[in-house]
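*Asks:* Structure incoming, see below.
The values are calculated or read from the model by the stated rules, or taken from the named source; none is laboratory data. Values in this document were obtained by computation on a predicted structure and should not be read as measured data. We place every Cβ from the backbone using ideal geometry, glycine too, and count neighbours over all the protein chains shown.
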């Protein structure tokens, strides 16, 4: 978050949406995940279309500008996807502080768990089966996070 200036409102595609950071600064953080196959859910409708009554396995990462997202969570998730012999069928992401409504909707599927940034959720056939919260990310390195996720993928994605 160092060096980034919060904004009150950023206009995008003709609609005002409240965001915390200039989209130009956030784009590389989005691309860190989309470049390895994640698809963004930018609206609540995108989230519902993906998660409501879903079949198969879906990994959802709540992305963020925080240091633990950049230094731990995103690298850990990407490493897990490289190392795992079985992977979730779909890779999805929302961006906390940028796409607020989509993030809130995604978190509504996290069944009573408090919101944190970042978060990594795994769904199977529409049910939340695993949720990695910020406290499970902070203080750990990417290989440790990846190892946890690989175990969950191998257990769940078969």
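*Asks:* Any idea which residue in the stretch 95-113 is surrounded by the most Cβ atoms within 10 Å (Cβ to Cβ), counting only those that are over 24 Å from residue 31 (Cβ atoms) and at pLDDT below 95? So that I can check it myself, show each step before the final result.
*Replies:* Step one: filter the stretch 95-113 for residues over 24 Å from residue 31 (Cβ atoms), giving 108-113.
This time we only want the ones that are at pLDDT below 95, so: 111-112.
On the way: 111: 10, 112: 5.
Ranking the candidates gives 111 first.
*Asks:* Please pick out the residue among 62, 129, 86, 152 that is crowded, with 18+ Cβ neighbours inside 10 Å and in contact with a helix residue (DSSP H, G or I) (Cβ under 8 Å, 6 or more places away or on another chain).
*Replies:* 62
*Asks:* In the stretch 128-158, which residues are free of Cβ contacts under 8 Å to residues at least 60 places away in the same chain, touching a strand residue (DSSP E or B) at 6+ places or on another chain (Cβ under 7 Å) and not in a helix (DSSP H, G or I)?
*Replies:* 128, 129, 130, 131, 132, 133
*Asks:* Yes or no: the stretch 49-64 includes at least one residue that is at pLDDT below 95, under 17 Å from the mean Cα position of the chain (by Cα) and over 25 Å from residue 129 (Cα atoms).
*Replies:* So far as the stretch 49-64 goes, no, none of its residues is at pLDDT below 95, under 17 Å from the mean Cα position of the chain (by Cα) and over 25 Å from residue 129 (Cα atoms).
*Asks:* Taking only pairs six or more apart or across chains, which ones have beta-carbon atoms under 7 Å, a first residue in the stretch 96-109 that is in contact (Cβ under 8 Å) with a residue 24 or more places away in the chain, and a second residue that is assigned to a helix (DSSP H, G or I) and buried (at least 20 other Cβ atoms within 10 Å of the Cβ)?
*Replies:* Within 7 Å, the pairs are 96/103; 98/26; 102/47; 105/47; 106/47; 109/51.
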